[in-house]
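Have a look at the structure below, then the notes.
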Amino acid sequence: MNDIADLLQPLIAFRRDIHAHPELGFAEHRTAQRIAEQLRAIGLEVHEGIGGTGIVAVLRSGDGKRTLGLRADMDALPIEEHTNAAWSSTVPGCFHGCGHDGHVAMLLGAAQVLARDPGFSGTLNFIFQPAEEGLGGARHMIEDGLFERFDCERVYALHNWPGLPAGTIATRPGAIMGAADKFKIVLEGKGGHAALPQDTPDTILAAASLVQQLNSIIGRDIPPSANAVLSVTEIAGGHAHNVLPASVRIGGTVRSFDPVVQDRIEERMRQMIKGIETSFEVRSSLEYDRYYPATINDADAAGDALDVAATVASAQLAPEPAPTSEDFSFMLQERPGAYLWLGQGRGDNPPPLHNPHYDFNDDVMETGIRLHVALARHWLQD
Ligand SMILES: [Zn+2]
Ligand SMILES: [Zn+2]
């Protein structure tokens, strides 16, 4: 029995059309419109304009009380495409370099299969979110009442993963993607003659000392078993050989996988900056922006997902999290669930995500659809 065969070719054509017409975060107007049309055509209740261009389509079946959310992201990246595919981007400097076109097509395919033959009892919400690439579209949907309006006891999302062989599905309990923070520090003195250091706080020396101290946080203030990175990536101040500058600016990023570790890093950074104020007689300011939290899978949801994945493909416990980040993390802060990697690698050295030669592998679309369908039927069992 193949309940997907007749859907695949139209879905691949749909994916390639979305690929040819990419749209950046919060500007997914055409994409969202095309998705909504397809969802209405199969009889789903479609809600548009959630958190910007987000869509939720609801499928109810039977009288079951259980609820589930399945999420796909819709946005493209500001990168010039170099794949030479017949369906290459028609928009200069913009392309689906992260495979969100494939995510959209797989979730739409699951909606088509389940609308035809639900095989579950309960309420299933198909969530199409805007602006995953750095703009926090998931957070915008949540702030717009996503989970108040559409009850989801659990949420799942898939991301294609070029580093895994096609047809392999992997996930893990706990952290699967990193938290991404950025910081900006300004040290201020008053500026003055370099030959009269006794009159002018030295913001350059203060900055040099602070950079050294910041680089000791990962080595000295968190346990060796906790993975984290702190990189100072910007330092700017001064313009003349005989002037002590009035201010120096320092910027950088922190990546971590555990909120406790993340808190400790920020706390130590604040303490060190206060110490610099005292020892160098400067004033300071710190902007510490936690723009994406770590993506933390619920252990039961991840375990269930691996069991379900084994029924449709080869399932694998991912040995460690990826240091990149993902805004599905915001949904996982609100509801238990899991983020899954769908292997899509071709050959020995497939282009990674965000590479100009990357393209979603249509050969894995069927596996992705079957995984969504199986997750829904498992959680929303009769
Ligand atoms: Zn991406
Ligand atoms: Zn992505």
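The values are calculated or read from the model by the stated rules, or taken from the named source; none is laboratory data. Bear in mind that the values here come from a model prediction, so they are computed numbers and not experimental data. Backbone-built Cβ (ideal geometry, glycine too); neighbour counts: all protein chains shown. Accessible surface is based on the protein model in full, side chains and every heavy atom, while ligands, DNA and RNA are left aside. Shrake-Rupley method; radii C 1.70, N 1.55, O 1.52, S 1.80 Å.
Key figures for this structure:
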item	result
Tyr358 vs. criteria out of contact with any helix residue (DSSP H, G or I) (no Cβ under 9 Å at 6 or more places or on another chain) and either open to solvent by less than 10 Å² (accessible area, probe 1.4 Å) or of a type in the set (Lys, Arg) (or both)	yes
Residue satisfying all of: in the stretch 322-373; assigned to a helix (DSSP H, G or I) and within 13 Å of ligand 2 (Cβ to nearest atom); farthest from Arg15 (Cα to Cα) among these	Ser329
From the options Asp151, Asp144, Asp101, residue that is within 16 Å of ligand 1 (Cβ to nearest atom) and of a type outside the set (Lys, Arg)	Asp101
Those residues of the stretch 298-350 which are open to solvent by 50 Å² or more (accessible area, probe 1.4 Å) and farther than 27 Å from Arg139 by Cβ, in sequence order	Asp307, Ala310, Thr311, Ser314, Gln316, Leu317, Pro319, Arg346, Gly347, Asp348, Asn349
Identity of the residue in the stretch 238-264, closer than 26 Å to Ala322 by Cβ and free of Cβ contacts under 8 Å to residues at least 40 places away in the same chain, that ends up most open to solvent (accessible area, probe 1.4 Å)	Val260
Subset of the stretch 105-151 (residues that are in contact with a His (Cβ under 8 Å, 6 or more places away or on another chain) and among the charged types (D, E, K, R))	Glu132, Arg149
Only one of Glu267, Glu277 that is open to solvent by 70 Å² or more (accessible area, probe 1.4 Å) and within 30 Å of Ile204 (Cα to Cα)	Glu267
For Asp151: the one exception among (1) open to solvent by 20 Å² or more (accessible area, probe 1.4 Å); (2) in contact with a Ser or Thr (Cβ under 8 Å, 6 or more places away or on another chain); (3) in a strand (DSSP E or B)	(3)
The stretch 92-107 residues that are touching a residue at least 12 places away in the same chain (Cβ under 8 Å) and over 26 Å from Val58 (Cα atoms), paired with ones that are away from ligand 1 (no atom under 12 Å from the Cβ) and among the acidic types (Asp, Glu) (beta carbon under 6 Å, 6 or more apart)	Gly93/Glu80; Phe95/Glu81
Matching entry among Leu68, Leu77, Leu7, Leu11 (being touching a residue at least 12 places away in the same chain (Cβ under 8 Å), within 23 Å of the chain's Cα centre (by Cα) and under 21 Å from Arg116 (Cβ atoms))	Leu68
Cβ pairs under 6 Å, 6+ apart, first in the stretch 302-321 and in a helix (DSSP H, G or I), second surrounded by fewer than 20 Cβ atoms within 10 Å (Cβ to Cβ)	Ala302/Pro173; Leu306/Ala315; Val308/His378; Ala309/Ala315
Residues of the stretch 119-144 satisfying the condition of being open to solvent by 10 Å² or more (accessible area, probe 1.4 Å) and of a type in the set (Gly, Ala, Ser)	Gly119, Ser121, Gly134
Subset of the stretch 119-134 (residues that are within 16 Å of ligand 1 (Cβ to nearest atom) and assigned to a loop (DSSP other than H, G, I, E, B))	Pro130, Ala131, Glu132, Glu133, Gly134
